[in-house]
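Working notes, structure below.
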Amino acid sequence: MTHRHWLEDFESEAGRRRLREEPPWSGGARLDPDVARSIQRFQVGEAGDGANLVAKAAGGDAVYLAAVKLFVAEEQNHARMLGELLRAAGVPTITSHWSDTVFVRLRRALGLRLELMVLLIAEVVALRYYRALRDGTADPLVTRVAGLILADEERHVPFHCHRLRLGFETLGKPARALVFGAWRFLLLGVTITVAADHGRALRKLGVGRLVFVADVVTAFEAALARIRGDEPKPRHVPKRARPRGLF
């Protein structure tokens, strides 16, 4: 994939989103109080304007910048949908949460590569969270919203991996191994914190804290494989011939 391919992917998704019917907000939603509080915190995290990321991306490829702007638009749409979901359940949104503040400050500390590294952690955590939210509730509106967001996040992770792969190409293997080791440590710390902070909600959604952490770590290792360029290629498994004389 190239930046042009990713831009076309985001443009296609934007077109599909414009044609897609809105979830039925007016029908209301039922949220467990612990799950509602958890969604409030994630909604804050999705609500950033992305100005810092866009500014850093502006210093490079114009096509990548255009793709980043569409990525930010998708994240803002996630915040909008989560806000609508909370309102449908009669739950107010919140304006800030300490976890989002820490993430924002960490992402803004240095250049584009570090911002994307921190952002990838958030995206991998989000993959597991929205899957739990989609699969762990009986409310159709919650399932619908979580499923839409999850589908976007499943595209966002390889998008960031592609850019990070380019960013790490000039780094020697020893230095890259050191960076990846620190990155894993940060990922583990963040994931444990999220599991603790959202543990009651995750339990209501049928996911234990240890399972959540293990699944996020597994997804992160798959992302690192993408970035290194050594992800396993799918093997062609020949179809077995049907034994003769059985049917």
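The values are calculated or read from the model by the stated rules, or taken from the named source; none is laboratory data. The shown structure was predicted, so the numbers you read here are calculated from the model rather than taken from an experiment. All Cβ positions, glycine included, derive from the backbone under ideal geometry; neighbour counts span all protein chains shown.
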Among the residues in the range 127-144, are any among the hydrophobic types (A, V, I, L, M, F, W, C) and over 26 Å from residue 25 (Cβ atoms)? no
Could you say whether any residue in the range 107-117 is buried (at least 19 other Cβ atoms within 10 Å of the Cβ), assigned to a helix (DSSP H, G or I), modelled with pLDDT of 95 or more and among the hydrophobic types (A, V, I, L, M, F, W, C)? no
Within the range 10-59, restricting attention to residues that are within 20 Å of residue 203 (Cβ to Cβ), charged (D, E, K, R) and in a helix (DSSP H, G or I), which residue is modelled with the lowest pLDDT? 41
So which pairs qualify, if the first residue must be in the range 64-88 and over 14 Å from residue 10 (Cβ atoms), the second must be at pLDDT below 95 and of a type in the set (Ser, Thr, Tyr), the Cβ gap must be under 6 Å, and the two must be at least 6 apart or on different chains? 83/93; 86/93
Residue by residue through the range 47-69, note down the ones that are crowded, with 18+ Cβ neighbours inside 10 Å and more than 15 Å from residue 116 (Cα to Cα). 47
Kindly indicate which of 120, 166 is assigned to a helix (DSSP H, G or I) and touching a residue at least 60 places away in the same chain (Cβ under 8 Å). 120
Check on residue 126, surrounded by 20 or more Cβ atoms within 10 Å (Cβ to Cβ), modelled with pLDDT of 85 or more and either part of a helix (DSSP H, G or I) or on the phi > 0 side of the Ramachandran plot (or both): yes
